[in-house]
Amino acid sequence: AARGLVEGINDKEFRPNEPITREQLSVLLLRALQMTGVEQEAGNLLETLQRYQDREAISAWSESAVAAVTDMGIMEGRSAAGFVPKGSATRAEAAVVLMRMLQHAGYINR
């Protein structure tokens, strides 16, 4: 939290024991990549999010992160048409996206 990787839910709550949603995970992944110095290319936010039928469910505060980690191939939708932004990330999903993030940042060979 002191370095800006995570923030509270609001000014008074942190909720460290709650499950993390897929859109929250996308924000954390993008922040972590930025901390490593990885620059993401500015893609077309609307074009990227168009691939998801549930794009309207993606919160405004996470749209750019969802688009960025999707464009980089770090996260994918749960199905061909749905990102499922409010769904909890599974342990398996978290492990896969952490591995992809480390590969993208050059810390692990592909």
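Data for the structure
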read-out: With every protein chain in place, the chain: carbon and sulfur % of accessible area (1.4 Å); value: 51
read-out: Cα-based shape type of region 32-105, given that a ≥ b ≥ c are square roots of the gyration tensor eigenvalues and the cut on a/c is 1.5; value: oblate
read-out: Neighbour-limited loop hits for GluC sites (Glu not before Pro), region 59-110 (at most 16 other Cβ within 10 Å; DSSP other than H, G, I, E, B); value: E76
read-out: Candidates per trypsin sites (Lys or Arg not before Pro) in region 12-73, loop by DSSP, up to 10 other Cβ within 10 Å; value: K12
read-out: Mean accessible surface per residue for the chain, computed with a 1.4 Å probe while every protein chain stays in place, in Å²; value: 65
read-out: Surface accessible to a 1.4 Å probe, L28 within the full protein complex, Å²; value: 40
read-out: Spatial separation of Cα centroids for region 55-75 and region 3-19, in angstrom; value: 19
read-out: Helix-only mean residue ellipticity at 222 nm for the chain, each DSSP H run of n ≥ 4 adding -39500 (n - 2.57), per residue, nearest 500; value: -11500 deg cm²/dmol
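The values are calculated or read from the model by the stated rules, or taken from the named source; none is laboratory data. Just so it is clear, the model here is predicted, and its values are computed rather than measured. With ideal geometry, Cβ positions are generated from the backbone for all residues, glycine too; neighbour counts draw on all protein chains shown. Keep in mind that these areas ignore ligands, DNA and RNA; they rest on the heavy atoms of the full protein, side chains included. Shrake-Rupley method; radii C 1.70, N 1.55, O 1.52, S 1.80 Å.
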